[in-house]
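All remarks here apply to the structure that follows.
The values are calculated or read from the model by the stated rules, or taken from the named source; none is laboratory data. Everything numeric here is computed off the predicted structure, so don't read it as measured data. For neighbour counting, all protein chains shown are included, and Cβ atoms are generated from backbone atoms with ideal geometry for every residue, glycine included. We work out accessible area using only protein heavy atoms, side chains counted, and drop any ligands, DNA or RNA first. Shrake-Rupley method; radii C 1.70, N 1.55, O 1.52, S 1.80 Å.
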Amino acid sequence: MDATGAKDPKETEPLRVGAAVRRRRRALDLTLAAVAARSGLSVPFLSQVENERARPSMRSLQRVADALETTPARLLAASDAARTINVVRAAAEGPPAPGTRPRRLVRGHHQLQALEFTGEHDPGREFQHRNDEMMYVADGAAEVEAEGRAYRLARGDTLFLSGGVRHRWRATAPDTRILVVTVADHIDDAGPEEPRR
């Protein structure tokens, strides 16, 4: 504390260690159930911690660390190292020429992935992602076929597709630009009723 009695922000900030806990658990080849049995904490709570939906107290973090054969300090250090801020400049690459691969809007291996598609796209190519996806038409127009239905999208429209939905799409106007944001395939995206393993 300083002279005014205010606490250091690091003392009051909730503990964000989900990614570090998940990596350590997987490195030890443990399920959430095994960590729950070792720590005395519930599977749903541990799943929420790993997915940053709950933040453990120091006491709970100690129990998790013990179950993962490490220390709270190591989990916190690994979590701090995993925090990333990354700017992808449009001017650095310029817009992709038609027929080239999409432009990555998020670099690295993260929970969120985003791509920008410009111009023509192979309408015969079918996609099916394990996790959720959102398409946003920044410019132009597109048609998406999903689960046997066609959806026409104009500038500013979005389309949400839950994980597992087969779909294909095509640009229907010149200079169409579409942003696709997905939950990364390496993330286990179980629903709220099902604990992640």
TODO: Only residues in the range 121-140 that are within 19 Å of Arg155 (Cβ to Cβ) count as the first member; pair them with residues that are acidic (Asp, Glu) and in a loop (DSSP other than H, G, I, E, B), Cβ under 8 angstrom, at least 6 apart or cross-chain, and list the lot.
DONE: Tyr136/Asp157; Val137/Asp157; Asp139/Asp175; Gly140/Asp175
Open item on the list: Can you pull out every residue in the range 112-162 that is crowded, with 17+ Cβ neighbours inside 10 Å, within 18 Å of the chain's Cα centre (by Cα) and assigned to a loop (DSSP other than H, G, I, E, B)?
Closed with: His129, Asn131
Task: Top-ranked residue in the range 163-178 [being modelled with pLDDT of 90 or more and within 15 Å of Pro102 (Cα to Cα); ranked as surrounded by the fewest Cβ atoms within 10 Å (Cβ to Cβ)] - done: Arg170
Open item on the list: Suppose we filter Glu193, Glu133 for residues that are at pLDDT 90 or above and within 30 Å of Leu30 (Cβ to Cβ); which single one remains?
Closed with: Glu133
Task: Count - residues of the range 52-73 that are closer than 14 Å to Arg23 by Cβ, in contact (Cβ under 8 Å) with a residue 40 or more places away in the chain and open to solvent by 20 Å² or more (accessible area, probe 1.4 Å) - done: 2
TODO: Kindly indicate whether any position in the range 84-105 is among the acidic types (Asp, Glu), at pLDDT 70 or above and open to solvent by 50 Å² or more (accessible area, probe 1.4 Å).
DONE: no
